[in-house]
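Below: the structure, in structure tokens.
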Amino acid sequence: MSVQAILGKKVGMTQIFDEGGRVVPVTVIAVEPSVVTQVKSLETDGYSAAQIGYEDVKDSRLTRPEQGHLAKAGVRPKRFLREVAIQDGETVTVGQELRADIFAAGEKVQITGTSKGKGFAGVMKRHGFHGAEMTHGSMIHRKPMSAGATDAARVFKGTKRPGRMGNERVTQQGLKVVQVDLDRNLLLVRGAIPGANGGLVLISKAHH
């Protein structure tokens with residue numbers, strides 16, 4: 001037990017049966033071992049964290065600075081680098097492998113990913129506006145109608161308008177680990193998680 005989170009890839013959803021014979025919907029996450037590529041400390045960086053790398057990749061896929069950074073750490077080229085918190089009282093070292101066994105069955109986790117992009121969406125789909133009447137000569141229907149106050153002669157920031165929906169960082173909380181499969185490097189989590197199949201996710205210990 002050393003860090004608070006690891007990286008993985010969403011494989012997809014399936015269902016399993018628990019001890020009582022009940023069907024449990026689960027998301028399967030591939031969690032190949034992550035490796036510590038850099039350790040940030042209070043003395044040198046002003047805060048404490050571990051940078052971890054996930055998924056082997058060809059050298060040619062990385063920029064020269066990225067190649068140099070990983071070569072200095074003495075680890076193989078990695079496609080994704082992310083910073084994660086270190087658990088209290090624990091120490092990590094560069095090159096250390098992190099596996100799915102930092103989690104246990106029954107443990108609560110939160111998962112961060114990039115939600116599926118849904119393109120340009122109107123206010124009814126994007127914000128849940130109820131729209132106007134569909135009859136009686138209404139010519140509004142699905143439009144947003146009033147844009148709010150007009151005396152400033154501009155639209156205020158944060159006003160709910162049509163626009164791109166999805167494709168943003170989302171954290172799903174209240175998830176529970178159902179099974180940890182170290183042989184196949186799989187993590188089974190009850191429920192759905194953000195993003196499309198194949199998307200990168202960060203699995204973190206839940207903040208109580």
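Beta carbons closer than 9 Å, at least 6 apart along the sequence or on distinct chains, pair a first residue in the range 146-166 that is basic (Lys, Arg) with a second that is surrounded by 10 or more Cβ atoms within 10 Å (Cβ to Cβ) and in a loop (DSSP other than H, G, I, E, B) for Lys160/Phe129; Lys160/Pro144; Arg161/Pro144; Arg161/Ala147; Arg161/Val155; Arg164/Gly117; Arg164/Lys118.
Quickly run through the range 1-17 and pick out the residues that are polar (S, T, N, Q) and either under 19 Å from the mean Cα position of the chain (by Cα) or exposed (fewer than 14 other Cβ atoms within 10 Å of the Cβ) (or both). Scanning the range 1-17 gives Gln4, Thr14, Gln15. Consider the range 74-103 and keep the residues that are without any contact (Cβ under 8 Å) to a residue 60 or more places away in the chain and among the charged types (D, E, K, R). The one that is nearest to Ser34 (Cα to Cα) is Lys78. Within the range 28-74, restricting attention to residues that are in a strand (DSSP E or B) and touching a Pro at 6+ places or on another chain (Cβ under 9 Å), the residue that is farthest from Arg190 (Cα to Cα) is Asp56.
One line per residue, one yes/no per condition, for (1) more than 20 Å from the chain's Cα centre (by Cα); (2) in the same structural domain as Asn197 (by TED's automatic domain parsing); (3) surrounded by 17 or more Cβ atoms within 10 Å (Cβ to Cβ):
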{"site": "Glu19", "(1), (2), (3)": "yes, yes, no"}
{"site": "Val23", "(1), (2), (3)": "yes, yes, no"}
{"site": "Ser34", "(1), (2), (3)": "no, yes, yes"}
{"site": "Gly53", "(1), (2), (3)": "no, yes, yes"}
{"site": "Asp56", "(1), (2), (3)": "no, yes, no"}
{"site": "Glu90", "(1), (2), (3)": "yes, yes, no"}
{"site": "Ile102", "(1), (2), (3)": "no, yes, yes"}
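Checked against the criterion of being within 25 Å of Ala196 (Cβ to Cβ) and touching a residue at least 40 places away in the same chain (Cβ under 8 Å), the range 38-53 contains one or more residues that satisfy it. Within the range 158-170, at least one residue is out of contact with any strand residue (DSSP E or B) (no Cβ under 6 Å at 6 or more places or on another chain), surrounded by fewer than 10 Cβ atoms within 10 Å (Cβ to Cβ) and over 18 Å from Lys205 (Cα atoms). Out of the residues in the range 104-125 that are among the β-branched types (Val, Ile, Thr) and in contact (Cβ under 8 Å) with a residue 60 or more places away in the chain, state the one that is surrounded by the fewest Cβ atoms within 10 Å (Cβ to Cβ). That would be Thr114.
Annotation: of all residues in the range 191-208 being surrounded by fewer than 17 Cβ atoms within 10 Å (Cβ to Cβ) and not hydrophobic (A, V, I, L, M, F, W, C), the one that is farthest from Lys116 (Cα to Cα) is His208.
The values are calculated or read from the model by the stated rules, or taken from the named source; none is laboratory data. None of the values given here were measured: they were computed from a predicted structure. Cβ sites come from the backbone with ideal geometry, for glycine too, and all protein chains shown count toward neighbours.
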